[in-house]
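Structure record follows, encoded as structure tokens.
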């Protein structure tokens with residue numbers, strides 16, 4: 001009976017911890033700020049020449065050679081239906097590593113500027129509001145509140161699908 005009483009508070013405490021809580025790299029796209037879990041971030045680099053790949057979706061800008069590896073580069077502005085913007089001095093590529101269907105993949109994200117690393121707790125994160133049946137946002141992990149502003153937290157493995165990754169790999173091999 002004592003062991004049973006000891007187990008209940010631990011289970012209850014674990015149930016209150018949001019798996020989305022943790023450290024996020026925040027970056028700008030237009031006027032909005034987004035965050036991705038730092039565990040996915042492999043590198044932040046300046047923009048380099050991006051080789052276009054014919055037949056790819058508009059949000060896929062092409063590929064780069066990163067130390068001998070071909071990395072697809074995505075423009076989240078286009079993926080998220082934001083207007084395109086020219087590169088500036090703060091534009092950079094954030095290289096992330098994602099796992100999709102048991103496969104590791106590196107993806108470059110073009111961002112207008114990296115802001116900072118922030119830690120969000122359970123109380124800071126809310127589910128994204130429902131935008132109606134016609135709006136599909138599988139890449140939104142949640143909305144974080146920070147000093148009177150909001151940061152859109154991304155489910156980075158959903159920004160570029162495995163099907164798109166396979167399509168790129170078949171074209172560059």
Fill in: Rounded if a/c under 1.5, otherwise prolate or oblate - segment 20-172, Cα gyration tensor axes
prolate
Response to the item:
Once residue 119 and residue 21 are pulled to full extension, the length gained, defined as 0.36 nm per residue separation minus their Cα-Cα distance, is 34.5 nm
Worksheet, complete the sentence: A correct fewest-to-most ranking of 71, 143 by other Cβ atoms within 10 Å would be 143, 71
Item to complete: Run the numbers on segment 20-172 and let me know its relative contact order in percent, using alpha-carbon pairs under 8 Å that are six or more apart.
Response: 28
Practice prompt. Among 127, 18, 75, 49, rank each residue by its count of other Cβ atoms within 10 Å, from fewest to most, as a rough exposure measure.
Written response: 49, 127, 18, 75
Practice prompt. Report the residues of segment 91-128 in range of a label on residue 146: point 7 Å along Cα→C-beta, backbone N strictly under 15 Å from it.
Written response: 112-126
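Would you mind getting me the FRET efficiency between residue 88 and residue 42? Use the beta-carbon distance for r and R0 = 25 Å, nearest 0.05.
According to the calculation, E is roughly 0.60.
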Practice prompt. Order by neighbour count: 87, 120, fewest other Cβ atoms within 10 Å first, most last.
Written response: 87, 120
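We did not get these values from a lab; they are worked out from the coordinates using the rules stated. Keep in mind it's a predicted model, so treat the numbers as computed, not measured. We place every Cβ from the backbone using ideal geometry, glycine too, and count neighbours over all the protein chains shown.
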